[in-house]
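Beneath this line is the structure, given in structure tokens, with notes to follow.
The values are calculated or read from the model by the stated rules, or taken from the named source; none is laboratory data. Here the structure is a predicted model, which is why all the values come from computation and not from measurement. We place every Cβ from the backbone using ideal geometry, glycine too, and count neighbours over all the protein chains shown. To get the accessible areas, we keep the full protein, side chains included, count just its heavy atoms, and leave off ligands, DNA and RNA. Shrake-Rupley method; radii C 1.70, N 1.55, O 1.52, S 1.80 Å.
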Amino acid sequence: MNKTYGEGDTKVRALTDVSFSIKKGEFVLIVGSSGSGKSTLLNMIGLLDKPTSGQVLIDGTNTITLGDNQVSSFRNSKLGFIFQFSNLLTDLTVLENVLLPRNIQHSNQNVMTEAKNLLKAVGLESQMNKRANKISGGQAQRAAIARGLINNPAIVLADEPTGNLDSITAETIVQLMKSMAKKLNQTFIIVTHDRQQFGEVDRVITIRDGRAFEGEDLPHEMEIKV
Amino acid sequence: MDYRIQLATRMLANKRGSLLGAIMAVSIGILVIHVNFVIFQGLYDAIIRDLSGYRFGDVLVTNREDVITEKSDVFLVNWFERIPYVEAAAPRMSSSASINVTKSGKIIQDFQVPVVGVDPFQDTRVSTVHETVSEGQYVFSRNSIVVGSIVARDLGGVTVGDNLQLKIVNRHGEDAIKRFIVTGIARSPGGQGFDSDVVIHIDTLRDMLDRNKETGQILVKLNDPTKADEVKDLFLRSFPNDDFKAETIEESAEQTLSGFRSGIAMINMIGYFGMMSSAFAVVTIQIMLVSSKTREVGIMRAIGAKRKDILIIFLFQGMIIGMVGAGVGTAFGLSYTFYAKETKMSFQGSLPLQVSYDWSKITQTAIMAFGLAVIASIYPAFKATKLQPVEAMRSV
């Protein structure tokens, strides 16, 4: 896929000829320096933005052809999001935030137990009835992980999930995501600028100047398109 | 509970200032309409009440020549009082006279005043004009006279017990002169009563005019004023060959009321424009609410909420504002109406307002305010649906 912003003299190529595939259950890091295009790439995979050209295929569906409502439903059912600033709704409690993706589906299925189990798994059982703005940043990020997993999505996308946390809390969040990925056999695609924090992962894709390379610490001349 | 309703309610509840502002805007719009209604409709109804009570009754019967000669007043009063809707009927006669009085040896004299002849017994059953006699008492004998407060003032301050002389030109063109003792001074709030008239016994007036057995008008008071048209039509149908004229109070007072009605319509328009201004206030507040919730909208869109879900959330907020605003505004309005009714509100000693609860108008105003609040939310809600998730989530 390609993504450009602006026109004429102000045209900026954010992503150039990016092409790769990810297998189910893989824990993938997308790394790169600030402004390299890694968040733009995550937005394309998360269907929050559309590529200027190319395709995003998820579970065999060409998402580019989907209409606005279909994209919304697809995001809701197939994708889970974890953002840098947790992005919980402060008008709701922690539990209500976790239930929100399921409520958006207007599902009649009672998922209260599921949501409580997820909150228990991320260590927030005692905080579930607190307003989302009454918990710490680390707790909010853990709640966001639970919210990202509630619909059992095909892919969990995380954009700098530890970027706003201190190192100890960040380490806890990384371990939590890894354990959840393993436990639920969930695909995780994580954008980060701090490669070291994640230790051993299944795969690393490096974005440099809008281009994607397999692996990390590549010499400049070695461009491997995946 | 549907999550959209839950979220809309919570978002509003957590923005108490905006919620209060929007509710106040809606309720003040309603209150303005209620206040307008109490004052102007109250004044209109008070004028009808007083004109009916003092001068016209609920139905007024005359004839084309302004003197009823075909039937006696006793016959007509009895005819009307047989109808179940009729509470009472009474004859009256009108003329004009020149009046003079001697005060401190000086004669203050000869200006024209309207003279009303009443049957003191029957008139008090039909009319409330006797209640306006603030000093002394109503006409009780053939040589007693009640003087309107304005006439009394113009005569140099006539008081109860003074002697007056009336000079009337009778049907033959001759002067009929008679002296009277002032038994009362009539003063009505708002001046719709006999403040500018003098009142004497109807038989005395008949004698002076040499119109024995004749009557000027028959005033009819009804148990249920809404039956006025029915009674009027029945009367006219019953005497098709006579030259009678019968009018309901609205018809009798048309000249006085027509201008007033236009005024009320204009004031109502101003009230509804006030409500439109409230709707603009709701639009502004809702835009502020949407703007403050941009990040939340982005998050919801990112996790799968559709445009219509966002639309519903903000429209529902408009419904909450409309519902609470209409409730609060109606409560304020009803409290004001209750206060005005219980205190018999009047302005600077003028006639007390005739306050009533017009439930259809109250409901209509509340529904209109609710509808306007919802309509006012459409644009901000639509604007919210146009937010793109990525940009919206960047909002702080």
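Report every pair of residues separated by at least 6 positions or lying on different chains whose Cβ atoms are under 6 Å apart, first residue within the stretch B:70-92 and within 15 Å of B:Gly216 (Cβ to Cβ), second outside any helix (DSSP H, G or I) and open to solvent by 10 Å² or more (accessible area, probe 1.4 Å).
B:Glu70/B:Asp242; B:Ser72/B:Lys213; B:Ala90/B:Asp119; B:Pro91/B:Asp119; B:Arg92/B:Gln217
Do you know which residues across the stretch A:56-78 are within 10 Å of chain B (Cβ to nearest Cβ), over 14 Å from A:Ala158 (Cα atoms) and open to solvent by less than 50 Å² (accessible area, probe 1.4 Å)?
Within the stretch A:56-78, A:Val71, A:Ser72, A:Ser73, A:Phe74, A:Asn76, A:Ser77 meet the criteria.
Considering only residues that are touching a helix residue (DSSP H, G or I) at 6+ places or on another chain (Cβ under 8 Å) and in a helix (DSSP H, G or I), look in the stretch A:121-134 and name the one that is nearest to A:Gly163 (Cα to Cα).
A:Ala132
Picking from B:Leu353, B:Leu372, B:Leu387, which residue would you name as being of a type outside the set (Lys, Arg), closer than 30 Å to B:Ala302 by Cα and surrounded by 13 or more Cβ atoms within 10 Å (Cβ to Cβ)?
Step by step, each of B:Leu353, B:Leu372, B:Leu387 is checked, and only B:Leu387 is of a type outside the set (Lys, Arg), closer than 30 Å to B:Ala302 by Cα and surrounded by 13 or more Cβ atoms within 10 Å (Cβ to Cβ).
Out of the stretch A:5-55, which residues are in a strand (DSSP E or B), touching a helix residue (DSSP H, G or I) at 6+ places or on another chain (Cβ under 6 Å) and within 14 Å of another protein chain (Cβ to nearest Cβ)?
Within the stretch A:5-55, just A:Ala14 meets the criteria.
Of all residues in the stretch B:203-231 being more than 17 Å from B:Phe121 (Cα to Cα) and β-branched (Val, Ile, Thr), which is surrounded by the most Cβ atoms within 10 Å (Cβ to Cβ)?
The qualifying residue surrounded by the most Cβ atoms within 10 Å (Cβ to Cβ) is B:Val231.
From the set of residues in the stretch B:94-123 that are of a type in the set (Ser, Thr, Tyr) and in contact (Cβ under 8 Å) with a residue 12 or more places away in the chain, which is nearest to B:Asp162 (Cα to Cα)?
B:Thr102
Just to be sure I understand, how many residues within the stretch A:46-66 are free of Cβ contacts under 8 Å to residues at least 12 places away in the same chain and farther than 27 Å from A:Arg13 by Cβ?
Total meeting the criteria: 1.
From the set of residues in the stretch B:301-310 that are in contact (Cβ under 8 Å) with a residue 24 or more places away in the chain and more than 51 Å from the chain's Cα centre (by Cα), which is nearest to the other protein chains (Cβ to nearest Cβ)?
B:Ala302
Could you say whether any residue in the stretch A:135-142 is among the hydrophobic types (A, V, I, L, M, F, W, C), within 22 Å of A:Arg75 (Cβ to Cβ) and in a loop (DSSP other than H, G, I, E, B)?
Checked against the condition, which is being among the hydrophobic types (A, V, I, L, M, F, W, C), within 22 Å of A:Arg75 (Cβ to Cβ) and in a loop (DSSP other than H, G, I, E, B), the stretch A:135-142 yields no hits at all.
With A:Leu157, A:Leu176, A:Leu118, A:Leu165 as the choices, which residue is touching a residue at least 12 places away in the same chain (Cβ under 8 Å), assigned to a loop (DSSP other than H, G, I, E, B) and not hydroxyl-bearing (Ser, Thr, Tyr)?
A:Leu165
Just checking, which of B:Ile313, B:Ile321, B:Ile285 is within 14 Å of chain A (Cβ to nearest Cβ), crowded, with 21+ Cβ neighbours inside 10 Å and in a helix (DSSP H, G or I)?
Within the list B:Ile313, B:Ile321, B:Ile285, the selection yields B:Ile313.
If the requirement is being within 12 Å of chain B (Cβ to nearest Cβ) and surrounded by fewer than 24 Cβ atoms within 10 Å (Cβ to Cβ), which of these qualifies: A:Phe85, A:Phe81?
So the residue among A:Phe85, A:Phe81 that is within 12 Å of chain B (Cβ to nearest Cβ) and surrounded by fewer than 24 Cβ atoms within 10 Å (Cβ to Cβ) is A:Phe85.
Tell me yes or no: at least one residue of the stretch B:384-395 is in contact (Cβ under 8 Å) with a residue 60 or more places away in the chain and more than 14 Å from chain A (Cβ to nearest Cβ).
Yes, there is a match, as at least one residue in the stretch B:384-395 is in contact (Cβ under 8 Å) with a residue 60 or more places away in the chain and more than 14 Å from chain A (Cβ to nearest Cβ).
Please go through the stretch A:89-104 and pick out each residue that is open to solvent by 10 Å² or more (accessible area, probe 1.4 Å) and either more than 7 Å from chain B (Cβ to nearest Cβ) or under 17 Å from B:Ala13 (Cβ atoms) (or both).
If the condition is that a residue be open to solvent by 10 Å² or more (accessible area, probe 1.4 Å) and either more than 7 Å from chain B (Cβ to nearest Cβ) or under 17 Å from B:Ala13 (Cβ atoms) (or both), then A:Thr90, A:Thr93, A:Leu95, A:Glu96, A:Leu99, A:Arg102 are the ones that fit.
Every residue in the stretch A:134-159 that is within 12 Å of A:Phe85 (Cα to Cα) and open to solvent by 20 Å² or more (accessible area, probe 1.4 Å), please.
Within the stretch A:134-159, A:Ser136, A:Gly137, A:Gln139, A:Arg142, A:Asp159 qualify.
A:Lys130 passes all but one of (1) modelled with pLDDT of 90 or more; (2) within 9 Å of chain B (Cβ to nearest Cβ); which number fails?
Among (1) modelled with pLDDT of 90 or more; (2) within 9 Å of chain B (Cβ to nearest Cβ), A:Lys130 violates only (2).
Is one or more of the residues making up the stretch B:252-260 assigned to a helix (DSSP H, G or I), more than 14 Å from B:Ala25 (Cβ to Cβ), among the acidic types (Asp, Glu) and more than 14 Å from chain A (Cβ to nearest Cβ)?
Looking through the stretch B:252-260, at least one residue is assigned to a helix (DSSP H, G or I), more than 14 Å from B:Ala25 (Cβ to Cβ), among the acidic types (Asp, Glu) and more than 14 Å from chain A (Cβ to nearest Cβ).
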